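Report on one structure; see the data block that follows.
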């Protein structure tokens, strides 16, 4: 099986699992747990490769990074679980919308970057370009008309919805760059080989684990205080 075929097959499988998780709550809980645990394990692997020596200072830094990410993944799981478990008509739709912003941001960056190429965005991730970053902001905007129509009881102000898209996309890209920086420091291409054609769990959710809880909190702020 070619690398492209593996990537497509794995993508379809992941889409199916995510789709089912929004219909069956127990699948959602299992998926959230697995993502959190596996992402933390892969993060630990990166930190071990970055801090190879046995100096006391290095051990302390390594431990603090691992502890911080463990706390963050507990925070991530708690926020996402709470958002999914809310007893409101649009709870699932809200979460789907934020997830789609992250996915479209990632896809937009890839399509625009590959199509138009151009100047590199940063040395942290050589494959990322400035036009690709622009594409990461543009593609999620195509979601706005549909979700504005369905969420106008929450977002009567279109400006707030556009601000949500822009900031969630920004955090998604920054999260992607952060993990790319660690992979570069660890001198690895992928965080693991768990997902054929994709790499590891952390390779697929690097932007999502930062953007999703941020988007959930920002959503509540825009609705209640703006």
*Relative contact order for the chain: what is it in percent, counting Cα pairs under 8 Å that are at least 6 residues apart?*
25
*Going by average Cβ neighbours within 10 Å, how do the peptides 103-112, 15-24 rank, with the highest at the top?*
103-112, 15-24
_Efficiency of FRET between residue 81 and residue 52 - r from beta-carbon atoms, R0 30 angstrom, step 0.05_ = 0.25
*Compute the acute angle (0 to 90°) between the alpha-carbon long axis of helix 56-84 and the principal axis of greatest extent of the alpha-carbon atoms of the chain; round to the nearest 10°.*
20
*Distance between the range 71-109 and the range 2-65 - C-alpha centres, whole angstrom*: 17
*Please report, in whole Å, how far the alpha carbons of the range 1-110 spread along each principal axis, starting with the longest.*
52, 42, 27
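Taking 0.36 nm per residue of separation and subtracting the Cα-Cα distance, what length does fully extending residue 123 through residue 217 add?
30.7 nm
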_Suppose a student asked you for the relative contact order of the range 2-103, using Cα pairs under 8 Å spaced at least 6 residues apart; what percent would you report?_
21
*Euclidean distance between Cα centres, the range 176-226 to the range 112-126, Å*: 19
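Largest first and in whole Å, what are the equivalent-ellipsoid semi-axes of the range 164-226 based on the Cα gyration tensor, each being the root of 5 times an eigenvalue?
Each semi-axis is √(5λ); the values are 29, 12, 7 Å.
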*Only one of the listed values, [x] 18.1, 57; [y] 16.9, 49; [z] 17.3, 55, was derived from the coordinates as Rg and Dmax of the Cα atoms in Å; which label is it?*
[x]
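Bear in mind these aren't lab numbers, they're just calculated from the coordinates by the rules spelled out. If you're wondering where the values come from, they're calculated on a predicted model, not measured in any experiment. When we count neighbours, we look across all protein chains shown, and the Cβ atoms used for this are built from the backbone with ideal geometry, even at glycine.
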